[in-house]
Every structure is written in C-alpha cells, then in structure tokens.
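Visitor: My questions all concern the structure below.
The values are calculated or read from the model by the stated rules, or taken from the named source; none is laboratory data. Just so we're clear, the structure is a prediction, and the values are computed from it rather than from any experiment. Every residue, glycine among them, receives a Cβ derived from its backbone with ideal geometry; neighbour counts consider all protein chains shown. To get the accessible areas, we keep the full protein, side chains included, count just its heavy atoms, and leave off ligands, DNA and RNA. Shrake-Rupley method; radii C 1.70, N 1.55, O 1.52, S 1.80 Å.
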Amino acid sequence: MSDRIKLTVDGVTVEVEPGSTILQACEEAGAEIPRFCYHERLSVAGNCRMCLVEVERAPKPVASCAAPVAPDMVVNTQTDSVKAAREGVMEFLLINHPLDCPICDQGGECDLQDQALGYGIDASRFDDNKRAVEDKQMGPLVKTIMTRCIHCTRCVRFSTEVAGVPEIGAIGRGEDMEITTYLEASLDSELSGNVIDLCPVGALTSKPYAYTARPWELKKTETIDVMDAVGSNIRVDMRGREAMRILPRNHDDVNEEWLSDKSRFVWDGLNTQRLDRPYVRRDGKLSAASWDDAFALIAEKINGKADKLAAIAGDLVCAEGQFALKSLMDTLGSPNLDCRQDGAKLSGPRANYLFNSSIAGIEDADALLIIGSNPRLEAPVLNARIRKRWTMGNFPIAVIGEPADLTYDAETIGAGADTLNDMVAGKHAFADVLKNAARPMIVLGQGALSSADGASVLAAAIALAEASGAVSDDWNGFNLLHTAAARVAGLDLGLLPGEGGRDVAAILDGAQSGEIETVVLYGADEIAGAALGDAFVIYIGSHGDRGAHRADVILPSAAYTEKQAIYVNTEGRPQMAERAAFPPGEAREDWKIFRALSEHLDAKLDFDTVEALRVKMFEVAPHLSQLDQIAPAGAPQAPEAGKAETSVFASPVEDFYFTNPIARASATMADCAKAKQERAPKAEGTGTHG
C-alpha cells in the first residue's frame, strides 16, 4: 500500500503502518528488542530504556518503544553503542535488585533473568547498599516483594486502562519511588491476577502458588476455561495429578491474553472435595459402592418407568457428555430433558441464543444497551473488551437492570420490563441513540431471561434489535451473554424438552407431586435439594457439592481438566479442551458413564469410542466440528409471547467467587469472597474510571 512507511532495520527494508513505533518496525524486520515497560496492549510509558536502538543522524540512542517511525529512517539494533547502552541500562536496573533468584517464584520464567543474561554484563560498578522497600498488601491473590520492583509501571497501566479499577499507583520520586495500592487495600478487580503475568520481575507473584513448584517441574497442557461462557484459552500446569496453577493463553478474538481471577485461581478447587468412587444411599446414608451395584440400583428404578424419568444438565458439562445424555434419554423414550438449570427461557434458531456480534466485534460497535446483565461479574474478560471500546470514545452505554460499577460510564435508564417496552415503542431517548448508531449492540443477560416471563423479555429484546437497526445484512448486534460454559452446546444439541416433555420448572413440580420419580442431575449443582421432593436422584459430577448432597446414587465423573472435550462459548465458537490429568480414583469421563449405564438399562448406545460419538454428534450439529470457527447463525426470531412484565432485572451472579462446584471447593475463592466482604463498606461512593 502506498501510504505505508518504508524504513531500514539492520539492513532489512520493511514497510509499516503510519504511527507505528520503531520497536514494532524492528519486530517486523525480525530484530529482537529487549523491553520491560513496553507491552503491546498497554499505553507506552518509555521508562525502562531497555529498548534503546541507534537511529541514523540521531545524537544518542533512541527508546524504540516511544519513537514513531519516519520515511527512509535507518535503524541499527546491533551496534557497539546500542550494546553499551543496553548494558548500562541493565547495570542501573540491577543496582537495587536483590539476589533473590534461588527463592523467587519468578525464577525460570523471569524477563529480568533472561535479559540480564542476554544483554547485561557480569559485574557491577556500584557497591552502595541496596535499598529495601516494604511489601504491600494487595489481597489474597497477589503476593508482593516490592524490593524487586523495577518501576516498569505495567501493573499501574493495566489496572487503570484494562481493568478500569485505578487502584495501583506510584508514590515518591527517584530512589524513593514505590508502587503501591491506594490506602494499601486489596485489589478490587476481577482481573487483578493479570498483573502477575505482566510483572517482568518477581515483585508481583501468585500468593496461592508461592513456594510450591518450579516451572520446569510442571506438565503444561493448553486447554479451555469453563468458569464462565467466554471460553478463555488457558494453560493448566500439573505436577502428577495435582493442579498447581492456571495461566492464560493468547487468543485475540476471545480473551486476548487476559484471564479472570476465578478462572486463574480456581485450580485448588480441582484438587479438593472430589468424587472418586460411586456412592449409593442406604438407610439414609451415602456409602461407597461398585459401579455395577450403582448401575443395578438405577436400572431397578428406571426400567419400565421412562415416562417418570427426567434429566437436567448443568453449567460446566461438555458437549460429548450432553450428547450422550440426550441419546440415552431418546433411546429410553423420555422427553423430560433440559440444559437450562436456571430456567432461562431460551429457544428458537441459534441467533436467538448467541453473542452474534462476536466478542472481538464489540470493538466495531458504536452504541450499547445492556439488559439484565452485569458483565463485570458474569464475564470479566468480555467486560474488559467493552471497556476497551469505551476508551476509544463515542460509545454511549445504557443499562436496564440493577445499577453497578461496570468500570466504564454506563447510564442506568431503568430497572426492568417497563423500560424495555418503552424502548421497543420508541418512547425512550436511548432508543433514538441506538437507531442513530451505525452498529448498535444489545447485550441480553441471563438475569432477564430466567424470570417467569423470560420468553417475553427475549421477544421484546429481539423486537428492539430489529427496530433499532441492530440486525442488518452486514451486522448482527443482538447478543446473548451466557454465564454457563455448557449452555450453548446444550442448546445446539437439543437438550430441551421433547414433545410433551417438561422443562426444569415442570420437572421440579413433577418431582414434588410424584409424577417424576427419578431425576438425573448431570453436573447440575444449582438446584436446591428440597426442590426435588421425594424423587430418586442420580448425580453425575466431579465434586461433592449440592447435587451430590441430595443424591441417592452418585456416579463420579471427570472435571474439565481431565477429559478431551468440546465446549462452545457464548459466541458459538467450539473449542477443544485437552486432558491435563486423568480423573481421580474410579471416576470416569462423562460419556463413558452414560454408555455403560445404557447397557444396564437395555438401551445400549451405538458408539464405543469418543470418536464414534463425535461422528454422530457432528451429524446433529455439524458446526461443532469446525473448531475455533464461528458458523453463521442468521437473524434472531422473536418467540410468540405476551408482554414482558418483570419489574427488576437482576444479574444471576450474586457472588462472583462461588458460582459453581469447583469454585465452591476452592479455599482461594473463599479467601477472595471474605476479602470482598471486608472491603464492601469502604467501596461505596468510589466509581472513578480513569
């Protein structure tokens, strides 16, 4: 393209976009530039000076991260003066840095170690005493050893720009400068753990992981997160079969390189309260049993009574397990099946229940209406993407629902269905804002759909999207934000009541009245035990949580890190989770449990391997075979429903740290919830968004 700028780096001619920095041009040319403060997703600080290069006719070395390119510029990155400048910078950085490498958690994956080896020298000319800095209190997740800090300010810029919670800053000047949280309070962000990845030294490390392992001891597995419906790409590090930590992987279209605190620190919940053998309730008490005994008891209860059988799929289960469950229920002839354990009224074509704009598409929108959702709690990484678009400017945001600090300026224009109905009728000022926008976006949350008139709310939201021009040939701005990682796959595979079948509410009513005698809870832990009446309950899951407490038979299954399985995120993107470890004890993969159970029920499923299962599953939902691709979903279609009347739309997430059985088993999540309660009274009146 003619408007690109041509320059020479180490004798290599490259063309880059106008406004690019010299550092970006050097990387384009294949030259490696060391850096500590520069990060491609944060603003430029230019304060570590490690990225110095030589520019022809410049009087001294130039900080390449902060200097823009110019036509016909000649840059050298390997000259003697550049080498001497980098050695000098490294010498300065190490004046006060302690020799903590043998006891530092960053050892083995530390930018300072690597760059000191590559660009430093083996001696220092400074023999002054090293300064010491007091460690700061940043809450239960981030461990601080601030004597190691090199003042790159990455943590400051992340908390201010990306997380939208400007709680980290610098005090003092020169040698007295310190990075700290204001009032030494713990970080009030659902994304605070990302400062650990950003810190190029060992100043900010993971508190739960401290002193437990070295990186070279760990087996690393790239997989998918299921703590929310974003489908963040993660890496699980295991030692033996014990999970030691979870880190984010880069995926520009999903989570960029960020990860929510729950997804990052829930790993200790994978190691505790696990179900590792079948259990059967005898004389009111659960006792260990063999698989055959458990299956025999289930067969005794179900055989000949398929019409009195119902199944509910939970929030963390995989596509293969849900397909096996549906196949079993179809074979038995029971239509009482539902994957919407929160009672959300979702139905219709795929576009009715997907985040159609895609997560990356948020950056293309120019107006946003959020209905019955708190994205900060339901999907923190997606919320950061909304904030990213908001910081670009010209992005009005309105909320119908509970007022909340979303980390960006959002006007609460109403509490419930009355405001939504006014918007549809064009009686509200923000309806005009949406109509006048080129690419308006509507985000509908589960909180608005799980009420009794959820179908009416869905119909009204789709009508609003059509009336405001949010759905057109080149843009689909109608978006559903899920909170359950399993939900989209369940809807794609048809885990909904069949003809004459019962949904979740009707299943619970039937269990209370005796019309439903047996209920299969497949990872469904959010249903209160008393709601199931006197029904015989079969629980299939990985943790001894609410579902297991109520169960008459427990069949132990694999957690999300213990199976290769497909999960579909809120935008309809199928992704493959990989096995990081094998399930504990006698626990088995979900589909294997349903396959083995089918033989005892004389309803044998016609697949013996996961590959054979997937062949049949892809026949039902072909788009699931296109991993990491979003299949076109068309336009949403409003269901036939009456007028929406819910007075208040409330987010389904009351406590961010305790939304599922794995999180409830995590001691770290309990510490986070406790810290949040302790700072809650102080948080009132703070709503600054830098």
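Visitor: Can residue 15 be described as open to solvent by less than 70 Å² (accessible area, probe 1.4 Å), free of Cβ contacts under 8 Å to residues at least 60 places away in the same chain and either in contact with a Phe, Trp or Tyr (Cβ under 7 Å, 6 or more places away or on another chain) or assigned to a strand (DSSP E or B) (or both)?
Guide: Taking the combined requirement at face value, the residue does not satisfy it.
Visitor: Scan segment 61-86 residue by residue and report those that are part of a helix (DSSP H, G or I) and either open to solvent by 40 Å² or more (accessible area, probe 1.4 Å) or among the polar types (S, T, N, Q) (or both).
Guide: Correct list: 80, 81, 83, 84.
Visitor: Pick from 508, 480, 493: which is open to solvent by 20 Å² or more (accessible area, probe 1.4 Å) and at negative phi?
Guide: Among 508, 480, 493, only 508 is open to solvent by 20 Å² or more (accessible area, probe 1.4 Å) and at negative phi.
Visitor: Against the condition open to solvent by less than 10 Å² (accessible area, probe 1.4 Å) and either at pLDDT 90 or above or part of a helix (DSSP H, G or I) (or both), how does residue 538 come out, does it pass?
Guide: Taking the combined requirement at face value, the residue satisfies it.
Visitor: Determine which member of the set 412, 419 is among the polar types (S, T, N, Q) and open to solvent by less than 30 Å² (accessible area, probe 1.4 Å).
Guide: Only one candidate qualifies: 419.
Visitor: Select the strands (runs of 3 or more DSSP E) contained entirely in segment 140-242, then report the ones holding at least 1 residues which are closer than 24 Å to residue 46 by Cβ and open to solvent by 10 Å² or more (accessible area, probe 1.4 Å).
Guide: Because the criterion is at least 1 residues that are closer than 24 Å to residue 46 by Cβ and open to solvent by 10 Å² or more (accessible area, probe 1.4 Å), the strands (runs of 3 or more DSSP E) in segment 140-242 that meet it are 168-171, 178-181.
Visitor: Which residue, of 63, 85, is within 37 Å of the chain's Cα centre (by Cα), modelled with pLDDT of 90 or more and small (Gly, Ala, Ser)?
Guide: 63
Visitor: Right, here's the next one. Of everything in segment 546-557 that's buried (at least 24 other Cβ atoms within 10 Å of the Cβ) and within 25 Å of the chain's Cα centre (by Cα), which residue is farthest from residue 277 (Cα to Cα)?
Guide: The residue in question is 547.
Visitor: Let me confirm something: among 572, 500, 585, 547, which residue is farther than 21 Å from residue 328 by Cβ and touching a Pro at 6+ places or on another chain (Cβ under 8 Å)?
Guide: The unique qualifying residue is 585.
Visitor: Which of the residues that make up segment 95-114 are among the polar types (S, T, N, Q) and at pLDDT 90 or above?
Guide: 106, 113
Visitor: Can you run down the residue pairs with Cβ atoms below 8 Å, 6 or more apart or on separate chains, where the first is in segment 93-113 and more than 12 Å from residue 149 (Cβ to Cβ) and free of Cβ contacts under 8 Å to residues at least 60 places away in the same chain and the partner is of a type in the set (Gly, Ala, Ser) and part of a helix (DSSP H, G or I)?
Guide: 94/116
Visitor: Let me ask another. Within segment 360-381, which residues are over 20 Å from residue 648 (Cβ atoms), touching a strand residue (DSSP E or B) at 6+ places or on another chain (Cβ under 6 Å) and not in a loop (DSSP other than H, G, I, E, B)?
Guide: 367, 368 - these are the residues of segment 360-381 that are over 20 Å from residue 648 (Cβ atoms), touching a strand residue (DSSP E or B) at 6+ places or on another chain (Cβ under 6 Å) and not in a loop (DSSP other than H, G, I, E, B).
Visitor: Here is a further query. For residue 373, only one of the following conditions fails: (1) closer than 17 Å to residue 466 by Cβ; (2) in contact with a Gly (Cβ under 7 Å, 6 or more places away or on another chain); (3) among the polar types (S, T, N, Q). What is its number?
Guide: With (1) closer than 17 Å to residue 466 by Cβ; (2) in contact with a Gly (Cβ under 7 Å, 6 or more places away or on another chain); (3) among the polar types (S, T, N, Q) applied to residue 373, the lone miss is (1).
Visitor: Just give me the residues in segment 18-38 being open to solvent by 10 Å² or more (accessible area, probe 1.4 Å) and touching a Pro at 6+ places or on another chain (Cβ under 9 Å), in sequence order.
Guide: Within segment 18-38, 18, 19, 20, 21, 35 qualify.
Visitor: A further question on this structure: Which numbered condition in (1) within 30 Å of residue 212 (Cβ to Cβ); (2) exposed (fewer than 15 other Cβ atoms within 10 Å of the Cβ) is the only one that residue 48 fails?
Guide: Of the numbered conditions (1) within 30 Å of residue 212 (Cβ to Cβ); (2) exposed (fewer than 15 other Cβ atoms within 10 Å of the Cβ), the odd one out for residue 48 is (2).
Visitor: If you check residue 58 against the conditions, is it modelled with pLDDT under 90 and surrounded by fewer than 20 Cβ atoms within 10 Å (Cβ to Cβ)?
Guide: So residue 58 fits the description; yes.
Visitor: Mind listing whichever residues of segment 366-399 are touching a residue at least 40 places away in the same chain (Cβ under 8 Å), open to solvent by less than 20 Å² (accessible area, probe 1.4 Å), of a type in the set (A, V, I, L, M, F, W, C) and more than 15 Å from residue 480 (Cβ to Cβ)?
Guide: The answer is 367, 381, 384.
Visitor: Sticking with this one: Select, from 320, 300, the only residue that is of a type outside the set (Gly, Ala, Ser), within 24 Å of the chain's Cα centre (by Cα) and farther than 30 Å from residue 395 by Cα.
Guide: Matching residue, one of 320, 300: 320.
Results for (1) under 28 Å from residue 385 (Cα atoms); (2) within 27 Å of the chain's Cα centre (by Cα); (3) modelled with pLDDT under 90; (4) among the aliphatic types (A, V, I, L, M), shown as yes or no for each residue.
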position: 116; (1), (2), (3), (4): no, no, no, yes
position: 138; (1), (2), (3), (4): yes, yes, yes, yes
position: 158; (1), (2), (3), (4): yes, yes, no, no
position: 161; (1), (2), (3), (4): yes, yes, no, no
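Visitor: Only one of (1) over 23 Å from the mean Cα position of the chain (by Cα); (2) touching a residue at least 24 places away in the same chain (Cβ under 8 Å) is not met by residue 561, so which one is it?
Guide: Unmet for residue 561, out of (1) over 23 Å from the mean Cα position of the chain (by Cα); (2) touching a residue at least 24 places away in the same chain (Cβ under 8 Å): (1).
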